[in-house]
1. How about region 52-77: which of its residues are under 20 Å from residue 111 (Cα atoms), within 14 Å of the chain's Cα centre (by Cα) and in contact (Cβ under 8 Å) with a residue 12 or more places away in the chain?
2. Going through 164, 151, 181 one at a time, which residue ends up being at pLDDT 80 or above, surrounded by 15 or more Cβ atoms within 10 Å (Cβ to Cβ) and more than 23 Å from the chain's Cα centre (by Cα)?
3. State which residue is farthest from the chain's Cα centre (by Cα) when the search covers only region 21-34 and only residues that are touching a residue at least 24 places away in the same chain (Cβ under 8 Å) and in a loop (DSSP other than H, G, I, E, B).
4. For region 78-89, indicate whether the set of residues that are assigned to a helix (DSSP H, G or I), in contact with a strand residue (DSSP E or B) (Cβ under 9 Å, 6 or more places away or on another chain) and touching a residue at least 24 places away in the same chain (Cβ under 8 Å) is non-empty.
5. Quick test for you: out of 63, 16, 5, pick the one residue that is exposed (fewer than 13 other Cβ atoms within 10 Å of the Cβ) and either at pLDDT below 85 or of a type in the set (Ser, Thr, Tyr) (or both).
Amino acid sequence: MNDDELPAIQVQVHEEGGRSRAGWIPCEIGTNLIFKTHNLAAYFFAKWEPVVFDLMLLAASVEFCDRIQRRPALGWGRAFELRLPVHDPDAWNQKSASDTLHDALELLTGDQWKVTFIKRKKSALEPAQELFHLDTGAEAVIPFSDGLDSRAVGALMAEEYGSRLVRVRLDQRKKTTLKIRLGGSSLS
């Protein structure tokens, strides 16, 4: 490797029982990437969409790459080539989506990325869900911790959205408590 060359790896994400290309590091969904969506399912605001699963898979795959390739002793960046099975590869491979994704990944990680999206063989299992209905006309939802940063962001967002802003707080002291603030009021 030259001084200006980045350490590089190729990672093939594949569905359970699938195989990766020769010379590529395998990353199996269900073995290396495990999703437990049942805790989220009770709080869905809308119908489950496969693109949400694909986005979670992408984020998990980026973390997988980060963990298996150490950063060089001198320098920072690495080069990753990632193949990822998704429900709608045409949407992900559109130039505008692909360029935006690559720009964001490179900005956030300091690494070089080449992500190729391929068609899944089987659709991901749809999580069992019940919709979490809010009859408030909500247009924006933000996490809220009662900390100074949450209060500041909440106040700024409330100026724009008013009562159409939903603040969601998961109380860490009691695992069963969910607090939702609707505009200025609060539900427990």
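1. Of everything in region 52-77, those that are under 20 Å from residue 111 (Cα atoms), within 14 Å of the chain's Cα centre (by Cα) and in contact (Cβ under 8 Å) with a residue 12 or more places away in the chain turn out to be 56, 57, 58, 60, 61, 62, 64.
2. 164
3. To start, the set of residues in region 21-34 that are touching a residue at least 24 places away in the same chain (Cβ under 8 Å) comprises 21, 24-25, 27, 29, 32-33.
Pick out the ones that are also in a loop (DSSP other than H, G, I, E, B) and you get 21, 24, 32.
Values: 21: 25, 24: 23, 32: 16 Å.
Per the stated criteria, the residue is 21.
4. yes
5. From the options 63, 16, 5, the qualifying one is 5.
The values are calculated or read from the model by the stated rules, or taken from the named source; none is laboratory data. Predicted model, so just to flag it, every value in this text is computed and none were measured. Here the Cβ is made from the backbone with ideal geometry for all residues, glycine too, and neighbour counts use every protein chain on show.
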